[in-house]
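The values are calculated or read from the model by the stated rules, or taken from the named source; none is laboratory data. This one's a predicted model, so the numbers in the text were calculated from it and none came from an experiment. FYI the Cβ positions are ideal-geometry reconstructions off the backbone, even for glycines, and counts take in every protein chain you see.
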Amino acid sequence: MLSVVCGVLFASLAACTSSTQPEYQFVDGAASAKVFTWVDTDADGAVDPDEEPLPWVTTSVVSPHFLTGEDGWGQPWTFKPGCAASCWEGHSVTVKAPPGYFATTPLQLPLTGEDQSYYFGFRIDPSATLPSFPDEPTWYLAFVHRGAKLTSFHYAQDGHLSISLPQDAYPDDYYADEYEKEYFLDLYLIDIVLDLVRNHNIGIGTLQVTLLPSSDTITCTTGTLREWDGKIPASEILAEHCQHE
């Protein structure tokens, strides 16, 4: 009976067969959040008109890590394969308190919908001593706020970024054991540099890292970092694809 009806309506059984098969559409989505980080001077957890943004703060939805920009705004996200709607459900947005600051709001908030904004306040610790490079662009704070122990920082207009780190530069507050510390170079150097280039349109062409006190120097192009990022460990990228002095 079905073939008869199809023969009348579609003039062929093939046409009918295709029309009666379920159609599957594979859709990928993302869970994302709009994040604002600011200096909460009075520590009341509310953004006041006279309070300033706190830029270059690390934020994430699951992974990877993202940075808020000069204006304090950022948009972390995580890829959700096969998700067509409500991809935010079951996820949270998190910020990392920058060294030298106290959080005045929760550091993690559950996502409540698509295209929502979440606010995270921080008050500076007056007793904290942090590296400062007043003659350099403010995005040196991207490294400092994530916990990297910068001892020098210089950005040239030709896109060359030169930084120095202590030989034992692993930040103790981020990873607890030696195995996890292997990710140091990825999270504190390559990840930050590529985020600045990709999401904040900062023209970094080459990165030069000097480890003190040995003065061992590693120089790598941003193109090389981008080519190998996510394919091999950061330590291998620097060891095998960058110049050493």
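Numbers at a glance
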| item | result |
| --- | --- |
| Hey, THR94 under 23 Å from VAL193 (Cα atoms) and surrounded by 14 or more Cβ atoms within 10 Å (Cβ to Cβ) or not | yes |
| Residues of the stretch 139-167 satisfying the condition of being touching a residue at least 12 places away in the same chain (Cβ under 8 Å) and among the polar types (S, T, N, Q) | THR151, SER152, SER162, SER164, GLN167 |
| Flag for GLY69 being on the phi > 0 side of the Ramachandran plot and small (Gly, Ala, Ser) | no |
| Matching helices (runs of 4 or more DSSP H) fully within the stretch 179-245 where at least 2 residues are of a type in the set (S, T, N, Q) | 222-228 |
| Single match in ASP135, ASP115, ASP125 (criterion: closer than 30 Å to ASP28 by Cα and exposed (fewer than 15 other Cβ atoms within 10 Å of the Cβ)) | ASP115 |
| From THR58, THR37, THR41, residue being within 12 Å of the chain's Cα centre (by Cα) and either touching a residue at least 60 places away in the same chain (Cβ under 8 Å) or closer than 21 Å to PHE102 by Cα (or both) | THR58 |
| Condition met for ASP216 (of a type outside the set (A, V, I, L, M, F, W, C), farther than 23 Å from PHE66 by Cβ and at pLDDT 75 or above) | yes |
| Tabulated pairs, the stretch 65-94, first assigned to a loop (DSSP other than H, G, I, E, B), second charged (D, E, K, R), C-beta under 7 angstrom, 6+ apart or interchain | GLN75/LYS34; PRO81/ASP28; GLY82/ASP28; CYS83/ASP28; CYS87/LYS80; TRP88/GLU114 |
